[in-house]
Amino acid sequence: MISNGHIKNPNLRPKLRAAGLVLPLVAFVGFTFAAPLGTMLVRSVYDPVVADAMPRTLDLLSDWDGKAAPAEAVYASAARELVKARQDRTLGKIASRVNRVRGGLRSVLTKSARRLRRVDSGPWRDAMIAIDADWGDVRTWHAIRSAGERYSARHYLNALDLQSLPGGAIARQPDERRIYLPLLWRTLWVSLTITALCLLLGYPIAHLIAHSPPRVGNLLLILVLIPFWTSLLVRTTSWIVLLQTQGVLNDLLVAAGLIGDDGRLAMIYNMTGTLVAMTHVLLPFMILPLYSIMRAIPPIQMSAAASLGASSFQAFRRVYWPQTLPGVSAGSLLVFILAIGYYITPALVGGSSGQLISNMIAFHMQTSLNWGLAAALGGILLACVGALYLIYDRVVGIERMRLG
């Protein structure tokens, strides 16, 4: 209770002070994380461009049975609204949305809007079909009606290589258009593989650092941290120099007589390059959690196990390994989540066979400008990470994860 500017409840003042200290962090998280994430998820299902530009046409199409070409009134309304959209300079956005539903309709809409300016009166059906025969195809009107839905799961269906048929049924895309699910499975496989490689390489390195003399251990830890002081772009492009056909590694193999000059290995611009470069970049994120756990394990425990008759392997399996599981789980989760959304490294060294789903998201954001589909792909990726978190919490328990 506040009276005359003073707080009577003595327990309230520390709470208000703590809330005041937390507010900047909450605002920062909301502005940099929650707001962009929410915008992305909304954009994946909400697109009002066609609905705002062609409201009368879509209203008439809502009563259309979809079996034959629509009535004359639909053609007349579409003609007027297309001409107006061209005058308002929104025709390009409308044509792009409709073209995403059915390819080839962008040119139909732009050409028709340009020529319909010179048409004074109907019949509008004949005039529009004379401009382009696609106006007599019911699939054109299905595409316009579908693109005119303000809220739609169309982008998520496309992201899962599915499509909505005119009757409302869901079917798989043709074989030549199934690209996103294979990319998603490839991304999950690559992320799991990189996590396993980082664990296999990082576990003995972390053990060596944790149980070396302080001077040696500090030197090794600095070597692990050096990549953080180097640009990611520099670290990635250095692998191009090392792994390319005429690169350092192939030259060494040829000089050693292991391969012939005409049998140089293709280790870059493919999946090999992606695995090698990403493992190198993400390895410190596995080593550091493992090291923080291992340095707290007394070495005398292994000696005690040996004195009780356990072999080295038995002592490791029953004494040492269980104590390092919090670090193993923390490092594995961290590496997997970073790997599943990686973009720069696959783009530089992956070639066509080493690309991941993140590269397709970037393509739709920067090149095709299909932000709705990019948002849907990002939403599916977010759902995969969320499912992984739930599985991890169920199997291991998030409370057991320790970073230090």
- Item | Residue pairs meeting the criteria (Cβ under 9 Å; at least 6 apart or on separate chains; first farther than 14 Å from L109 by Cα, in region 120-132; second in a loop (DSSP other than H, G, I, E, B) and open to solvent by less than 30 Å² (accessible area, probe 1.4 Å)) | R125/P70
- Message: Test of understanding: among L308, L252, which residue is open to solvent by 30 Å² or more (accessible area, probe 1.4 Å), modelled with pLDDT of 85 or more and over 27 Å from L192 (Cβ atoms)?
- Response: L252
- Query: Scanning for something farther than 30 Å from L232 by Cα and open to solvent by less than 40 Å² (accessible area, probe 1.4 Å), does region 263-282 turn up at least one residue?
  - Reply: yes
- Qualifying residues in region 379-404 (those that are modelled with pLDDT of 85 or more and touching a Gly at 6+ places or on another chain (Cβ under 9 Å)) - the one farthest from V42 (Cα to Cα): V385
- What pairs can you find where one residue is in region 218-236 and more than 15 Å from T279 (Cα to Cα), the other is modelled with pLDDT of 85 or more and among the aromatic types (F, W, Y), and their Cβ atoms are less than 8 Å apart, with a gap of 6+ or different chains? L221/Y291
- Would you check which residues across region 208-237 are among the charged types (D, E, K, R) and under 25 Å from M302 (Cα atoms) and list them? R215
- Scan region 339-364 residue by residue and report those that are open to solvent by 60 Å² or more (accessible area, probe 1.4 Å) and closer than 24 Å to L388 by Cβ. Y343, I344
- Message: Of all residues being of a type in the set (G, A, S) and open to solvent by less than 80 Å² (accessible area, probe 1.4 Å) in region 125-134, which is farthest from A76 (Cα to Cα)? Just the residue, please.
- Response: A133
- Query: Does I209 satisfy the condition of being open to solvent by 30 Å² or more (accessible area, probe 1.4 Å) and either out of contact with any Pro (no Cβ under 6 Å at 6 or more places or on another chain) or not in a helix (DSSP H, G or I) (or both)?
  - Reply: no
- Among residues belonging to region 86-124 that are part of a loop (DSSP other than H, G, I, E, B) and touching a helix residue (DSSP H, G or I) at 6+ places or on another chain (Cβ under 7 Å), point out the one that is surrounded by the most Cβ atoms within 10 Å (Cβ to Cβ). R102
- Task: Starting from region 158-172, keep only residues that are in a strand (DSSP E or B), then list their pairs with residues that are among the acidic types (D, E) and surrounded by 12 or more Cβ atoms within 10 Å (Cβ to Cβ) whose Cβ atoms are within a distance under 8 Å, requiring at least 6 positions of separation or different chains.
- Result: R172/D161
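The values are calculated or read from the model by the stated rules, or taken from the named source; none is laboratory data. Note that the structure is predicted; figures quoted are calculated from it, not measured. Every residue, glycine among them, receives a Cβ derived from its backbone with ideal geometry; neighbour counts consider all protein chains shown. Accessible surface areas use protein heavy atoms only, side chains included; no ligands, DNA or RNA. Shrake-Rupley method; radii C 1.70, N 1.55, O 1.52, S 1.80 Å.
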